[in-house]
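Worksheet: one structure, shown below.
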Amino acid sequence: MKGRRTRKRARVIFWKLVDICEEKTETMHVFHVKHFFFDLFMAGTDTTSSTVEGAMAELLRNPEKISRAQDKLHGIVGNG
């Protein structure tokens with residue numbers, strides 16, 4: 001349910017920005033809207049990759065925590 005609301009809000013924001021672009025009184029262009037959404041996407045991607053990279057670095061520095069993490073994953077996901 002939360003995903004639907006988020007997608008609906010994203011569509012509303014997108015179309016509002018398109019409306020602003022089409023108004024001749026504003027200085028915002030479609031170019032700016034595209035880059036705005038690209039920046040949002042890249043920020044989310046960068047945050048995720050940085051988090052995973054940091055977690056992996058910590059695990060490599062602490063081998064005993066690797067086995068704890070593996071046990072936890074096996075308990076949640078299984079051996080599948």
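The values are calculated or read from the model by the stated rules, or taken from the named source; none is laboratory data. Every value quoted in this text rests on a predicted model; they were computed, and no experiment measured them. Because the Cβ atoms are built from the backbone with ideal geometry, glycine has one as well, and the counts that use them run over all protein chains shown.
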Inset, instruction - Please state which one of 17, 59 is touching a helix residue (DSSP H, G or I) at 6+ places or on another chain (Cβ under 7 Å) and either at pLDDT 80 or above or among the β-branched types (Val, Ile, Thr) (or both). - result: 59
Inset, instruction - Check residue 22 against each of (1) over 30 Å from residue 69 (Cα atoms); (2) modelled with pLDDT of 80 or more and name the one condition it does not meet. - result: (2)
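Tally time: how many residues in the stretch 27-80 are of a type in the set (A, V, I, L, M, F, W, C) and farther than 30 Å from residue 12 by Cα? Show your work before the answer.
Taking the stretch 27-80 as the starting set, the residues that turn out to be of a type in the set (A, V, I, L, M, F, W, C) are 28, 30-31, 33, 36-38, 40-43, 52, 55-57, 59-60, 66, 69, 73, 76-77.
From the residues that got through so far, the ones that are farther than 30 Å from residue 12 by Cα too are 52, 55-57, 59-60, 66, 69, 73, 76-77.
Final tally of qualifying residues: 11.
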